[in-house]
1. Being under 23 Å from residue 213 (Cα atoms), in contact (Cβ under 8 Å) with a residue 60 or more places away in the chain and surrounded by fewer than 18 Cβ atoms within 10 Å (Cβ to Cβ) is the requirement here; does residue 104 meet it?
2. Looking for something closer than 16 Å to residue 10 by Cα, modelled with pLDDT under 90, outside any loop (DSSP other than H, G, I, E, B) and within 25 Å of the chain's Cα centre (by Cα) - is there at least one such residue anywhere in region 104-114?
3. From (1) out of contact with any helix residue (DSSP H, G or I) (no Cβ under 6 Å at 6 or more places or on another chain); (2) surrounded by 15 or more Cβ atoms within 10 Å (Cβ to Cβ); (3) at pLDDT below 95, pick out the condition that doesn't hold for residue 171.
4. Being closer than 30 Å to residue 205 by Cβ, in contact (Cβ under 8 Å) with a residue 12 or more places away in the chain and surrounded by 12 or more Cβ atoms within 10 Å (Cβ to Cβ): is that true of residue 123 here?
5. Considering only residues of region 43-67 that are crowded, with 16+ Cβ neighbours inside 10 Å and touching a strand residue (DSSP E or B) at 6+ places or on another chain (Cβ under 8 Å), which is nearest to residue 27 (Cα to Cα)?
6. Given the criterion over 30 Å from residue 207 (Cβ atoms) and at pLDDT below 90, identify the matching residue among 86, 65.
7. How many residues does region 256-273 hold that are in a loop (DSSP other than H, G, I, E, B) and farther than 23 Å from residue 6 by Cβ?
8. Check 31, 74, 24, 57 and return the single one that is modelled with pLDDT of 95 or more, out of contact with any helix residue (DSSP H, G or I) (no Cβ under 9 Å at 6 or more places or on another chain) and within 25 Å of residue 159 (Cβ to Cβ).
């Protein structure tokens, strides 16, 4: 079974990802890992941090001569912004006056709950780990997992279906339009429909002018998957449950639909089953 762990803080020296359970002999392409990390940093209206970091996957273990060797794969991602934070986030005891305290927890974040749970006097250490910067480590090991799936003829791709109140509506996008998004050299909003993507850009522009931010919806498609993954025999091994749990663990995700999702509630059972 594949398992991964991550470590590191948003403004610490580095992020580390650890992936175990890979068989030996899987070809690992450095360029593919770095391209996936590059894709993560694209997107119109992205935050300023994306302009600072230029992520490259440094493989520490588990790969030799371009192939996995059956042992755990460890990957390190340097934080370029660490240079600006060394004095305020030292590993050893440092000068308290240089520590950048966060005394006001942000609504909708882990700040307050984390500070109370671990008895911190403020929220800096909580937000450093809870930050979406951690998702870069997931992308790195996810890229390795993608290469493994390709050996089995399985591909995974995603696309944006809505930004704020602007969406594709009921329009169905086929796999043949979604898959090429993975190879784009220029990424606006990763929407497979050019007209809708332009409207989404205008939505972002409108929100940026007010100094605010906006959320969105994306769809993930797994292509060529054979039936039989997961099992109905135990609740914690059901494929839908595993997929939903993995997606809900992403920092900004607040809802997951599978298949027809919530819309199934408005349809008769004869159409749903």
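The values are calculated or read from the model by the stated rules, or taken from the named source; none is laboratory data. Since we're looking at a predicted model, the values are computed, not measured. Cβ atoms come from the backbone with ideal geometry, glycine included; neighbour counts cover every protein chain shown.
1. Criteria not met by residue 104.
2. Checked against the condition, which is being closer than 16 Å to residue 10 by Cα, modelled with pLDDT under 90, outside any loop (DSSP other than H, G, I, E, B) and within 25 Å of the chain's Cα centre (by Cα), region 104-114 yields no hits at all.
3. Condition (2) is where residue 171 drops out.
4. Judged against the criteria, residue 123 is not a match.
5. Restricting to residues being crowded, with 16+ Cβ neighbours inside 10 Å and touching a strand residue (DSSP E or B) at 6+ places or on another chain (Cβ under 8 Å), the top hit is 63.
6. The unique qualifying residue is 86.
7. 7
8. Step by step, each of 31, 74, 24, 57 is checked, and only 31 is modelled with pLDDT of 95 or more, out of contact with any helix residue (DSSP H, G or I) (no Cβ under 9 Å at 6 or more places or on another chain) and within 25 Å of residue 159 (Cβ to Cβ).
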